[in-house]
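Below you'll find the structure, written out as structure tokens, and then a few comments.
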Amino acid sequence: MSAGQVVWDPPVRCVGFDYGGVLDDRRGAVQDVSVPPGYEGWLTLNVGAVARRLDQSLPVDPAAAAVIRSLHRTGLRLLVASNTLAGQSREAQLVAAGVRGLLRAVLHSAELGVAKPSPRFFDAITAASGGCSPAEICYVGNRVHSDVLPAVAAGMRAVLIAPPASTADRSAGQPADGTAGEVPDGVPVIEYVRELPALLARLTAPGDAW
């Protein structure tokens, strides 16, 4: 379904971002099919077990930082909500990218005591949104099972990030980056987070203020 053929009503007032596979910079990463799919497996391969035990999130992609700045200028409320290991934090990388001050909240599953795809994780997003209803929140992730489906079940909008390799592998039944699963009707799929501002602009009814 083309995103340009629909309008979200009510319009989105808050955007929640996953971190791994959405905001982080994975350029130059080595891929290995022997590593199980998922962010932890990817970190094990590309960053190493020591980095996983320490506070070592990958840097924010400059293009993702530009998206955060662009959406913030429109008046959207923004937050980051992601699954994390004990002691792992996204804060330092968001500060280094110069975007931490543009976010209402940064939620870590290890601190919340609950992780995706639990409904309680998405309840925490609603609570951190500053008064938005679930229908006014869009969650942006790179997995169908743990990002898109539970967001939709919570009454939110969702956008799936699926780079070209992930899209092809999913069609072949061998998903990359854990994007397995049928994308629900009405959920837009984009290849890169840099496409998000234009997508949200198309999905916002004329005259609606973000």
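Where a number appears in this text, it was derived from the coordinates with a stated rule and is not lab data. What you see is a predicted model; the values in this text were computed from it and never measured. Cβ: placed from backbone, ideal geometry, glycine included. Neighbour counts: every protein chain shown.
Values computed for the structure shown
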{"item": "The stretch 91-138: C-alpha gyration tensor shape, a/c 1.5 cut-off, then a/b vs b/c", "result": "oblate"}
{"item": "Local electrostatic count at CYS14 - Lys and Arg +1, Asp and Glu -1, tallied over other residues with Cβ under 12 Å", "result": "+3"}
{"item": "Segment HIS145-ARG120, extension gain: residue separation times 0.36 nm, minus the distance between their alpha carbons", "result": "7.5 nm"}
{"item": "Over the stretch 46-165, relative contact order from alpha-carbon pairs under 8 Å, at least 6 apart, %", "result": "20"}
{"item": "Label-zone membership for the stretch 65-81, site TYR192, 7 angstrom Cα→C-beta point, backbone N under 15 Å", "result": "65-68"}
{"item": "Label-point separation, VAL6 to ASP185 (7 Å along Cα→Cβ), nm", "result": "0.9"}
